[in-house]
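Below is one structure, written out as structure tokens; the observations come after it.
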Amino acid sequence: MAEDVYILAIESSCDETAAAVVKNGREVLSNVISSQIDLHTLFGGVVPEIASRKHIERINQVIGQALSDAEMTLDEITAIGVTYGPGLVGALLVGVAEAKAIAYAKKLPLIGVHHIEGHVSANFIENKELEPPFLCLIVSGGHTHLVIMKDYGEFEILGRTRDDAAGEAFDKVARAIGLGYPGGPKIDRAAKEGNPHAMEFPRAKIEGCPYDFSFSGLKSAVLNFLNHEKMAGREVNRNDLAASFQNAVVEALVSRAILAAKEYGLKDVAIAGGVASNSALRAAMEEACRKEGFRFYRPSPVLCTDNAAMIGAAAYYEYKKGARSGWDLNAVPNLKLGER
């Protein structure tokens, strides 16, 4: 029988300092997240320098808590996994330096993990039966990708955003209508009280690229609508606007994912990334998959936002493939999916 593999995973790509212990890629023994969201809300968004400083303050405590929650010591850990990109360079460097220090001191293998690969791998934690190949819609503040996970760590990118990521559009629209930061959860809440068909906003299609996304035109349409109503002296129903905007985003995301699953003959469809916790997106994707007879997978909301458990899951499959990072592992803020 194969020996169990215990990964101590570290995630610090943005404004969450996180550590987890993951057994055999799918069993989470601990998952500790220290969020800075209250701090960055004061500034209306993430301030990179503040995020880096807070990571330095919290990282040792978070790792200690993860080991304690898992009832393990570093002597029982098999390997160290860490996010090395993409993300904020200063924030990433804190996690990478910590991971290298622990791996060097304890003579453990070091495994650099792609942050987006981690998001996709979050689906393995609660869905033990899920195996590649499957289609995955990755939706976050910085990324909107439609990919096929052909094998563990192996991706074929079918489509991506040409401009704003979906999460970025959520944040900008939320700010414009006075909901503040973070935009995604606030629009989701407001939309529950609004009419998704109160206003009709455009859904961009890119000729010759049926799986690509574009959200800058939608964002501009919302801003133009707000300006027009303000100039006309009319009050805008914030909940209706949030619901109508969200409906346009969700329709664009779901329609492309379902089209790709049909055309590539994939029966398993997953979502990943921070925006994958959006209740309207989850419901619409579930309904669309049910109609088409596809199996639909989505992580719990806590595993959609940045966390270390997903990094531990991805690191496990890299470890099994024999991937190891050297002591020259560095932060790569603009790391592309599929790059090493």
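The values are calculated or read from the model by the stated rules, or taken from the named source; none is laboratory data. Computed from a prediction, not measured in an experiment: that's the story for all the values here. Every residue, glycine as well, gets a Cβ built from its backbone with ideal geometry; the counts of neighbours run over all protein chains shown.
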request  = For segment 163-182, name all the residues that are under 24 Å from the mean Cα position of the chain (by Cα), assigned to a loop (DSSP other than H, G, I, E, B) and among the hydrophobic types (A, V, I, L, M, F, W, C).
outcome  = 165, 179
inquiry  = Residue pairs, Cβ under 9 Å, 6 or more apart or interchain, first in segment 314-340 and on the phi > 0 side of the Ramachandran plot, second among the aromatic types (Phe, Trp, Tyr). List them.
reply    = 338/155
remark   = Of the listed residues (194, 180), the one being assigned by TED's automatic domain parsing to the domain that holds residue 284 and on the phi > 0 side of the Ramachandran plot is 180
message = Scan segment 252-275 and tell me whether some residue there is among the polar types (S, T, N, Q), part of a helix (DSSP H, G or I) and over 14 Å from residue 136 (Cα atoms).
response = no
message = For segment 183-210, which positions are within 28 Å of residue 157 (Cα to Cα), assigned to a loop (DSSP other than H, G, I, E, B) and not acidic (Asp, Glu)?
response = 201, 202, 203, 204, 205, 206, 208, 209, 210
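Name the residue, out of 92, 39, that is assigned to a helix (DSSP H, G or I), within 17 Å of the chain's Cα centre (by Cα), more than 26 Å from residue 131 (Cβ to Cβ) and of a type outside the set (Asp, Glu).
After ruling out the rest, the residue left standing is 92.
Kindly provide the set of residues from segment 214-251 that are among the hydroxyl-bearing types (Ser, Thr, Tyr) and in a loop (DSSP other than H, G, I, E, B), ordered by number.
Answer for segment 214-251, where residues must be among the hydroxyl-bearing types (Ser, Thr, Tyr) and in a loop (DSSP other than H, G, I, E, B): just 214.
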task = Please list, ordered by first then second residue, the pairs with beta carbon atoms under 7 Å, 6 or more apart or interchain, first in segment 156-170 and in the same structural domain as residue 273 (by TED's automatic domain parsing) and without any contact (Cβ under 8 Å) to a residue 12 or more places away in the chain, second surrounded by fewer than 23 Cβ atoms within 10 Å (Cβ to Cβ) and in a strand (DSSP E or B).
result = 156/148; 156/150
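Which one of 281, 266 is in the same structural domain as residue 202 (by TED's automatic domain parsing) and farther than 30 Å from residue 12 by Cβ?
266
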note = From the option list 163, 151, single residue qualifying as of a type outside the set (Ser, Thr, Tyr), under 17 Å from residue 337 (Cα atoms), surrounded by fewer than 18 Cβ atoms within 10 Å (Cβ to Cβ) and in contact with a helix residue (DSSP H, G or I) (Cβ under 7 Å, 6 or more places away or on another chain) is 163
ask   = Pick from segment 31-59 the residues that are touching a residue at least 24 places away in the same chain (Cβ under 8 Å) and of a type in the set (S, T, N, Q): which of them is nearest to residue 326 (Cα to Cα)?
value = 52
ask   = What about residue 91, is it modelled with pLDDT of 95 or more, within 24 Å of residue 175 (Cβ to Cβ) and buried (at least 18 other Cβ atoms within 10 Å of the Cβ)?
value = yes
Of all residues making up segment 114-142, the number that are assigned to a strand (DSSP E or B) and either over 12 Å from residue 152 (Cα atoms) or of a type in the set (Lys, Arg) (or both) = 6
query = Going by the structure shown, is residue 331 closer than 26 Å to residue 129 by Cα and under 21 Å from the mean Cα position of the chain (by Cα)?
reply = no
query = Would you pick out the residues in segment 76-89 that are farther than 19 Å from residue 62 by Cα and either out of contact with any helix residue (DSSP H, G or I) (no Cβ under 9 Å at 6 or more places or on another chain) or assigned to a strand (DSSP E or B) (or both)?
reply = 85
